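Okay, so here's the structure we're looking at.
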Amino acid sequence: MQAIRARDTKPEMEVRRRLHAAGLRYRVAVRPVHTLRRTADIVFTRRRIAVFIDGCFWHSCPAHGHAVGTNQAYWAPKLARTIARDEETTQALQAAGWTVARFWEHEDAALVSDAIIALVRQS
Ligand SMILES: [Zn+2]
(Lines give C-alpha, C1' and ligand atoms only; values in the text may rest on other atoms or scores of the structure.)
Protein backbone atom coordinates (compact mmCIF):
# COMPACT_ATOMS: atom_id res chain seq x y z
CA MET A 1 0.00 0.00 0.00
CA GLN A 2 2.89 2.32 -0.67
CA ALA A 3 0.84 4.47 -3.01
CA ILE A 4 -1.50 5.44 -0.20
CA ARG A 5 -0.02 8.03 2.10
CA ALA A 6 -1.83 9.71 4.89
CA ARG A 7 -0.05 13.04 4.71
CA ASP A 8 1.07 15.52 2.11
CA THR A 9 -0.91 14.00 -0.69
CA LYS A 10 -0.80 15.80 -4.01
CA PRO A 11 -4.41 17.04 -3.95
CA GLU A 12 -3.92 18.42 -0.44
CA MET A 13 -0.68 20.14 -1.41
CA GLU A 14 -2.42 21.78 -4.35
CA VAL A 15 -5.23 23.02 -2.12
CA ARG A 16 -2.72 24.38 0.38
CA ARG A 17 -0.77 26.11 -2.37
CA ARG A 18 -3.95 27.84 -3.56
CA LEU A 19 -4.97 28.90 -0.05
CA HIS A 20 -1.54 30.34 0.54
CA ALA A 21 -1.65 32.19 -2.78
CA ALA A 22 -4.99 33.68 -1.70
CA GLY A 23 -3.28 35.10 1.39
CA LEU A 24 -4.70 32.64 3.90
CA ARG A 25 -2.49 31.41 6.69
CA TYR A 26 -3.15 28.13 8.41
CA ARG A 27 -1.52 25.30 10.25
CA VAL A 28 -1.03 21.85 8.79
CA ALA A 29 -1.69 18.49 10.42
CA VAL A 30 -2.22 19.78 13.94
CA ARG A 31 -4.78 19.07 16.60
CA PRO A 32 -7.51 21.70 16.48
CA VAL A 33 -8.33 20.91 20.11
CA HIS A 34 -5.31 19.96 22.18
CA THR A 35 -7.17 17.59 24.42
CA LEU A 36 -8.72 15.79 21.47
CA ARG A 37 -6.21 13.38 19.95
CA ARG A 38 -7.21 14.04 16.35
CA THR A 39 -5.36 16.08 13.77
CA ALA A 40 -6.97 17.99 10.93
CA ASP A 41 -5.24 18.54 7.61
CA ILE A 42 -5.63 22.32 7.47
CA VAL A 43 -6.44 24.33 10.56
CA PHE A 44 -7.46 27.98 10.92
CA THR A 45 -6.93 28.34 14.63
CA ARG A 46 -8.34 31.78 15.30
CA ARG A 47 -11.42 31.17 13.19
CA ARG A 48 -11.89 27.67 14.52
CA ILE A 49 -12.16 26.02 11.14
CA ALA A 50 -10.82 22.50 10.67
CA VAL A 51 -10.46 21.15 7.15
CA PHE A 52 -10.04 17.52 6.23
CA ILE A 53 -9.04 16.33 2.79
CA ASP A 54 -10.06 12.71 3.07
CA GLY A 55 -8.35 10.03 1.02
CA CYS A 56 -10.79 8.14 -1.19
CA PHE A 57 -9.61 4.73 -0.14
CA TRP A 58 -9.20 5.10 3.62
CA HIS A 59 -12.29 7.20 4.11
CA SER A 60 -14.47 5.19 1.71
CA CYS A 61 -15.40 7.84 -0.81
CA PRO A 62 -18.68 6.93 -2.56
CA ALA A 63 -17.03 7.22 -5.97
CA HIS A 64 -13.80 5.31 -5.33
CA GLY A 65 -14.02 3.79 -1.90
CA HIS A 66 -15.44 0.39 -2.64
CA ALA A 67 -12.66 -1.06 -4.70
CA VAL A 68 -11.28 -3.14 -1.87
CA GLY A 69 -11.40 -6.31 -3.95
CA THR A 70 -9.45 -9.12 -2.35
CA ASN A 71 -9.09 -9.43 1.38
CA GLN A 72 -12.52 -7.95 2.08
CA ALA A 73 -12.55 -9.53 5.53
CA TYR A 74 -9.37 -7.68 6.38
CA TRP A 75 -10.22 -4.28 4.95
CA ALA A 76 -13.94 -3.93 5.62
CA PRO A 77 -13.69 -3.57 9.41
CA LYS A 78 -10.65 -1.27 9.14
CA LEU A 79 -12.45 1.04 6.74
CA ALA A 80 -15.63 0.95 8.83
CA ARG A 81 -13.58 2.05 11.84
CA THR A 82 -12.15 4.95 9.86
CA ILE A 83 -15.65 6.12 8.90
CA ALA A 84 -16.83 5.88 12.50
CA ARG A 85 -13.75 7.75 13.67
CA ASP A 86 -14.31 10.49 11.09
CA GLU A 87 -17.87 11.01 12.30
CA GLU A 88 -16.75 11.02 15.89
CA THR A 89 -14.04 13.58 15.12
CA THR A 90 -16.47 15.86 13.30
CA GLN A 91 -18.95 15.71 16.16
CA ALA A 92 -16.32 16.29 18.83
CA LEU A 93 -14.93 19.33 17.03
CA GLN A 94 -18.37 20.77 16.42
CA ALA A 95 -19.20 20.25 20.07
CA ALA A 96 -16.06 22.25 20.89
CA GLY A 97 -17.29 25.12 18.73
CA TRP A 98 -15.38 24.36 15.55
CA THR A 99 -16.55 24.47 11.97
CA VAL A 100 -15.60 21.27 10.19
CA ALA A 101 -15.21 21.06 6.41
CA ARG A 102 -14.52 17.74 4.75
CA PHE A 103 -13.53 17.19 1.15
CA TRP A 104 -12.48 14.19 -0.89
CA GLU A 105 -9.01 14.00 -2.33
CA HIS A 106 -10.56 13.44 -5.79
CA GLU A 107 -12.35 16.79 -5.70
CA ASP A 108 -11.04 19.56 -7.88
CA ALA A 109 -8.39 21.50 -5.94
CA ALA A 110 -9.58 24.84 -7.32
CA LEU A 111 -13.16 24.22 -6.19
CA VAL A 112 -12.06 22.90 -2.80
CA SER A 113 -9.80 25.87 -2.14
CA ASP A 114 -12.52 28.30 -3.29
CA ALA A 115 -14.94 26.71 -0.83
CA ILE A 116 -12.40 26.97 2.00
CA ILE A 117 -11.59 30.59 1.15
CA ALA A 118 -15.30 31.45 1.20
CA LEU A 119 -15.72 29.70 4.53
CA VAL A 120 -12.79 31.55 6.09
CA ARG A 121 -13.84 34.94 4.75
CA GLN A 122 -17.42 34.59 5.96
CA SER A 123 -16.40 33.48 9.44
ZN1 LIG B 1 -12.94 9.59 -4.53
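Brief remarks follow.
- Helix 109-122 axis, angle to the chain major axis (alpha carbon atoms, nearest 10°): 40 degrees
- Modelled label positions at M13 and E87, each set 7 Å beyond Cα in the direction of Cβ, lie 3.4 nm from each other.
- D by Stokes-Einstein for segment 13-60, Kirkwood Rh over Cα pairs, 10 °C, 1.306 mPa s: 138 µm²/s.
- Normalised by 2.2 N^0.38 Å, where N is the number of residues, the alpha-carbon radius of gyration of segment 62-123 equals 1.44.
- Length gained when the stretch R27-R46 is fully extended (0.36 nm per residue, less Cα-Cα span): 5.8 nm
- The calculated P(r) of the chain, using every Cα pair and 5 Å bins from 0, goes 2, 11, 21, 22, 19, 14, 7, 3, 1, 0 in percent.
- T9 accessible area, assembled protein chains, probe 1.4 Å, Å²: 20 Å²
- Dipole axis of segment 6-79 (+1 Lys, Arg; -1 Asp, Glu on Cβ), positive-most option in L36, A63, W75: L36
- Solvent-accessible area per residue, Å², over the chain with all protein chains present [probe radius 1.4 Å]: 62 Å²
- Apolar share of the accessible surface for the chain: 51 percent from carbon plus sulfur atoms, 1.4 Å probe.
- The charge dipole of the chain, taken about its Cα centre with unit charges on the Cβ of Lys, Arg, Asp and Glu (plus for the first two, minus for the last two), comes to roughly 600 debye.
The values are calculated or read from the model by the stated rules, or taken from the named source; none is laboratory data. Keep in mind that this is a model prediction, so the values were computed, not measured. Positions of Cβ are backbone-derived with ideal geometry, glycine not excepted, and every protein chain shown enters the neighbour counts. Areas reflect the complete protein model, heavy atoms only, side chains present, ligands, DNA and RNA absent. Shrake-Rupley method; radii C 1.70, N 1.55, O 1.52, S 1.80 Å.
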